[in-house]
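A.B. asks: Submitted below is the structure of interest, expressed as structure tokens.
The values are calculated or read from the model by the stated rules, or taken from the named source; none is laboratory data. From a predicted model like this one, the values you see are computed outputs, not experimental measurements. Cβ coordinates were reconstructed from backbone atoms using ideal geometry, including for glycine residues, and neighbour counts include every protein chain displayed.
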């Protein structure tokens, strides 16, 4: 098992950001704050697609589908699963 390196809870093997982790941090290092960025890093594709803006927002054609939220989430999910361009 990999030790958590995000706070000072010694020997922590808890899932970062989970309920047990939050409770342990409250006791041992309350100054370590779970940020919105941490939450985003922990999201799976489906959760991320709900909060990401449509990648086609601002395009001439707009979203690939109809303008309803479910279609846009599907559009975002497809975009998230495309290969990333190498910089």
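Every residue, every condition in (1) under 30 Å from residue 7 (Cα atoms); (2) modelled with pLDDT under 75, yes or no:
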{"residue": "36", "(1), (2)": "yes, no"}
{"residue": "39", "(1), (2)": "yes, no"}
{"residue": "47", "(1), (2)": "yes, no"}
{"residue": "55", "(1), (2)": "no, yes"}
{"residue": "58", "(1), (2)": "no, yes"}
{"residue": "65", "(1), (2)": "no, yes"}
{"residue": "70", "(1), (2)": "no, yes"}
{"residue": "77", "(1), (2)": "no, no"}
{"residue": "80", "(1), (2)": "yes, no"}
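A.B. asks: Within the stretch 18-37, does at least one residue satisfy the condition of being under 10 Å from the mean Cα position of the chain (by Cα), under 28 Å from residue 77 (Cβ atoms) and assigned to a helix (DSSP H, G or I)?
C.D. replies: yes
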